[in-house]
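Report on the following structure.
The values are calculated or read from the model by the stated rules, or taken from the named source; none is laboratory data. These figures come from a predicted structure and were not determined experimentally. Every residue, glycine as well, gets a Cβ built from its backbone with ideal geometry; the counts of neighbours run over all protein chains shown. Calculation scope for accessible area: heavy atoms of the full protein, side chains included, ligands and nucleic acids excluded. Shrake-Rupley method; radii C 1.70, N 1.55, O 1.52, S 1.80 Å.
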Amino acid sequence: WTVTDDMEIPAILHLSECPDAEAANAYMLTYYERTDATLEGIEERLKRVDCLNLFSAGLEQSFVAFRNEQYALLIPFLISVLEHALRQLDVPRLFPSTDMTKTVRKRYKEIGDQGEIAFAMKSVVSFTEDHYEQYNSQLNVTVGIRRKGIMHGLQVPPNERIEAIRLYHVINTIVSLYEPIALLQ
């Protein structure tokens, strides 16, 4: 899980103290049920992000699917949005990198130890390293969503609320970093 700027310190601490992925997932599911069960807050934030405008129709439909509990339908789409959001962390260039892990690590290194933004960025680095790890079909189902597994048809998109929330949450974290990163430059 990543850390967003709108999470309270006790929530961040509790998340960091979870002994395993299952406990973290259970905590975050409870967290969202308590704070934004239908993800209206995340939806509003994503609507205001200019670089996501080209995904506006799909994002709107994805929230409808989320509220109708059709999670497997929206996961491949959200992976595309996630990748686009990650790309925006890179310095604009004529030929952007396709190596998102490298891009995110590089940006994190550039930020250095800049307080809360570094903590949030480090959580994005950790998520990205895991998400882009090579999918291995011999692993059990608890492997989590792997970009290569889903997008190359090796892994079936799970029909799980927690996985949909995780992707929205990470995208929300990434877009929350755009402004603070721009201010550092």
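Some observations on this one:
- The condition of being farther than 22 Å from His84 by Cβ and open to solvent by 40 Å² or more (accessible area, probe 1.4 Å) holds for only one of Glu44, Glu33, that being Glu33.
- Enumeration of residues in segment 51-63 that are modelled with pLDDT of 95 or more and either closer than 15 Å to Glu179 by Cα or open to solvent by less than 100 Å² (accessible area, probe 1.4 Å) (or both): Leu52, Asn53, Phe55, Ser56, Ala57, Gly58, Leu59, Ser62, Phe63
- Glu33 being of a type in the set (Asp, Glu) and touching a Lys or Arg at 6+ places or on another chain (Cβ under 8 Å): no
- Number of the condition not met by Gln88 [criteria: (1) at pLDDT 95 or above; (2) open to solvent by 30 Å² or more (accessible area, probe 1.4 Å)]: (1)
- Within segment 3-20, the set of residues being loosely packed, with under 13 Cβ neighbours inside 10 Å and assigned to a helix (DSSP H, G or I) comprises Ile9, Pro10, Leu13, Ser16.
- Tally of residues being modelled with pLDDT of 65 or more and surrounded by 13 or more Cβ atoms within 10 Å (Cβ to Cβ) across segment 139-153: 8
- Contact map, segment 162-185: first residue of a type in the set (Val, Ile, Thr), second residue open to solvent by 50 Å² or more (accessible area, probe 1.4 Å), Cβ cut-off under 6 Å, separation 6 or more or different chains; pairs are Ile162/Leu29.
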